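Participant: Below you'll find the structure I mean.
The values are calculated or read from the model by the stated rules, or taken from the named source; none is laboratory data. Note that this is a predicted model, so its numbers are computed, not measured. Note that we place each Cβ from the backbone using ideal geometry, even for glycine, and neighbour counts take in every protein chain shown.
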Amino acid sequence: MTSVPPHRIRVPLLLGGPDAHALEASLRALGFAPRVASERLGVASATKMCRSVVIKGLEAMLIESLTTARRHGVEDDVLASLRETFPGVDWERQASYFFARVIEHGRRRAEEMREAAQTVREAGLLPWSAEGTAERQAWLADLADAGGIVDWRVEADRILTALSPTRHAATHDIHASHGSDR
């Protein structure tokens with residue numbers, strides 16, 4: 001239910017289904033940090049999928065916003081505004097973290113977000129955010145090359161460099177056609 005690296009084996013796990021309590025005891029004995037969400041199947045998965053809509057969506061939005069801001073030379077103003085609105089967040093650090101996470105895990109996360117979109121669809125909503133997040137995560141993973149992240153600005157510049165005018169126009173046309181379906 002959160003990033004694994006700081007917690008490792010103690011990362012919070014949600015369990016579900018009729019055997020969840022028995023599994024919880026076994027996992028806890030091995031050093032894991034499980035919690036039974038429900039004895040009903042699907043509750044733990046729905047919790048994870050709904051959380052992912054927010055977490056992976058924030059990543060996709062910040063990447064899109066800051067890359068666009070970088071193109072227009074207004075990233076410092078955007079970051080200042082975010083700091084004012086959310087003073088408890090170090091937006092420079094958060095941006096670097098989000099870029100790094102998506103570059104490293106974007107392909108897997110895109111698949112997860114397609115599953116999250118299905119969860120949203122099953123609730124009767126059109127999954128605009130989840131589907132857009134899946135597209136952004138996969139898109140950035142496709143652009144990424146091996147190596148670590150020095151700074152989110154370096155990654156934003158790499159994205160902008162990869163976008164030739166022809167590719168940019170095609171991407172815009174694709175997104176415009178998707179928008180008409182929504």
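Participant: Restricting the search to segment 69-105, which residues are within 16 Å of Ala156 (Cβ to Cβ) and small (Gly, Ala, Ser)?
Facilitator: The answer is Ala69, Gly73, Ala95, Ser96, Ala100.
Participant: Pick from segment 34-61 the residues that are over 18 Å from Arg109 (Cα atoms) and surrounded by fewer than 15 Cβ atoms within 10 Å (Cβ to Cβ): which of them is modelled with the lowest pLDDT?
Facilitator: Arg35
Participant: Related question: Inside segment 1-90, counting only helices (runs of 4 or more DSSP H) that do not spill past its ends, which hold 2 or more residues that are assigned by TED's automatic domain parsing to the domain that holds Arg101, touching an Asp or Glu at 6+ places or on another chain (Cβ under 7 Å) and closer than 30 Å to Leu163 by Cβ?
Facilitator: 43-72
Participant: Let me ask you something else. In segment 131-156, how many residues are modelled with pLDDT of 85 or more and among the aromatic types (Phe, Trp, Tyr)?
Facilitator: 1
Participant: Report, by residue number, each residue of segment 70-95 that is in contact (Cβ under 8 Å) with a residue 12 or more places away in the chain and of a type in the set (A, V, I, L, M).
Facilitator: Hits for segment 70-95 are Val78, Leu79, Ala95.
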